[in-house]
Amino acid sequence: MTEELAAANEPLRIISLFTGAGGLDLGFEAAGCHTIAAVDNDPESCRTLRHNRPDWNVFEGDVREYSPVLRDVDLVIGGPPCQGFSSAGKGDPNDPRNFLWKEYFRIVKAVRPRGLVLENVSALTHRKNGDHLTGIISALEEAGYHFAMDVLNAADYGVPQNRRRLIVIGLRDGNPGLPVPTTADRPRTVREAIEDIDNKFDESWNHVPPKHAEHVAERWAKLKAGEVDPNYRRARLDYDKPSVTIRAGGGYGPRGDHLAGFHPPIHPTRPRQLTVREAARIQSFPDDWILKGSKTAQGRQIGNAVPVLLAEAIAKHVVDFLRSRDADASVRSA
Ligand SMILES: C[S@@+](CC[C@H](N)C(=O)[O-])C[C@H]1O[C@@H](n2cnc3c(N)ncnc32)[C@H](O)[C@@H]1O
């Protein structure tokens with residue numbers, strides 16, 4: 001093997017911002033990349049990252065205090081927090097958390113990676129958030145990146161879940177566009193994702209049976225597939241369809257009051273909500289990825305994550321493009 005080919009096989013080096021449970025990073029890892037720095041201010045997410053990937057360099061703290069010292073970075077990836085944009089939250093466009101995308105671009109400008117991937121809720125494209133989207137586009141242009149952006153549905157990329165997210169790919173040298181859907185005609189189903197671990201609580205991590213009040217379980221036992229429990233506004237999943245979006249935030253109580261905790265959809269056949277592991281399967285996380293922290297923290301990490309298979313489709317698309325650029329350049333210089 002020549003030296004050039006060996007270099008071409010080296011993993012691409014990634015700085016990951018707002019890493020959370022690491023869904024985006026796992027997809028990039030599967031595409032042959034290595035996370036050289038991960039930044040998150042949530043201690044429980046950092047515990048998850050350190051537990052599963054002790055070799056990752058995890059900066060636990062506010063991104064505003066992170067100054068990258070690393071050079072030769074191929075990609076910056078990350079999903080700035082979205083509570084202020086999200087249609088699931090109260091959605092104040094002036095929420096201070098909405099401005100963290102500026103930190104993302106501060107770091108991009110400092111390290112000048114070959115490319116970047118930014119993920120966010122689709123609500124960022126809504127008119128009320130227009131100033132933020134315009135700001136992101138200006139930041140991409142000012143930093144010299146060609147970019148493609150659109151709302152992609154994870155169900156079109158092998159994920160058993162309808163989950164629409166804004167994806168931005170920016171590269172300094174060329175524009176690969178966005179990855180082409182692979183499973184739009186035949187999306188994967190909830191059955192394919194979770195049926196094999198039904199009630200096998202001893203066999204998987206984070207697969208603890210939830211406890212519910214008897215009257216709630218009785219009501220949920222009568223719900224049909226796809227039906228929404230009017231009191232808790234939660235859907236029973238349909239085994240033969242993709243899941244509804246798994247969310248990070250709390251749920252709703254019987255009087256419409258907001259509940260803290262982990263409130264995923266209701267299992268397709270059991271009178272209970274999904275376990276964290278079932279939600280993780282629906283987010284296409286591998287079973288050996290262990291979520292740390294309280295059950296609420298585990299659920300938040302899973303609900304916030306980019307589905308691993310969507311991340312992998314994006315990552316492969318970007319990596320293939322960069323590798324082919326490198327191959328062209330090495331032919332030209334030969
Ligand atoms: C949408 S989640 C990212 C999920 C992640 N991309 C994944 O695929 O698992 C956003 C993350 O940003 C983190 N975060 C929020 N504010 C932050 C800040 N000021 N500094 C660093 N991290 C922050 C949160 O703790 C959360 O884990």
**Q.** Proximal aspartates and glutamates relative to Lys211, as straight alpha-carbon distance under 18 Å, when same-chain residues fewer than 8 apart are discounted
**A.** Asp198, Asp202, Asp229, Glu278
(Q) I'm a student and want to see the number: the projected area of the Cα convex hull of the range 95-207, averaged over all directions, in nm². (A) 10.0
**Q.** Set of lysines with alpha-carbon distance to Lys109 below 30 Å, sequence-local pairs under 8 removed
**A.** Lys128, Lys316
Q: Tell me the label-point distance for the pair Ser324, Arg106, using the 7 Å Cα-to-Cβ offset, in nm and rounded to one decimal.
A: 3.7
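Return the FRET efficiency for the residue pair Thr134, Glu203: r is the Cβ-Cβ distance, R0 is 35 Å, and the value is rounded to the nearest 0.05.
After rounding, the FRET efficiency stands at 0.10.
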Q.
Can you pull out the trypsin sites (Lys or Arg not before Pro) in the range 116-209 whose DSSP state is coil and whose Cβ has at most 11 other Cβ atoms within 10 Å?
A. Lys200
Q.
Restricting to DSSP H runs of at least four residues, report the calculated mean residue ellipticity at 222 nm for the chain, -39500 (n - 2.57) per run over all residues, nearest 500 deg cm²/dmol.
A. -9500 deg cm²/dmol
(Q) For the pair Arg186/Arg255, report the inter-label distance in nm, with labels modelled 7 Å from Cα in the Cβ direction. (A) 5.1
Q: Using amide H atoms built 1.01 Å from N in the peptide plane, name the residues 5+ places from Lys292, or on other chains, whose amide H lies under 5 Å from its own.
A: Thr48
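Readers should treat all values here as calculations from the given coordinates under stated rules, not as data from a laboratory. Nothing here was measured: the structure is a model prediction, and the numbers come from that model. Methodologically, a virtual Cβ is constructed for each residue, glycine included, from the backbone with ideal geometry; neighbour enumeration extends over all protein chains shown.
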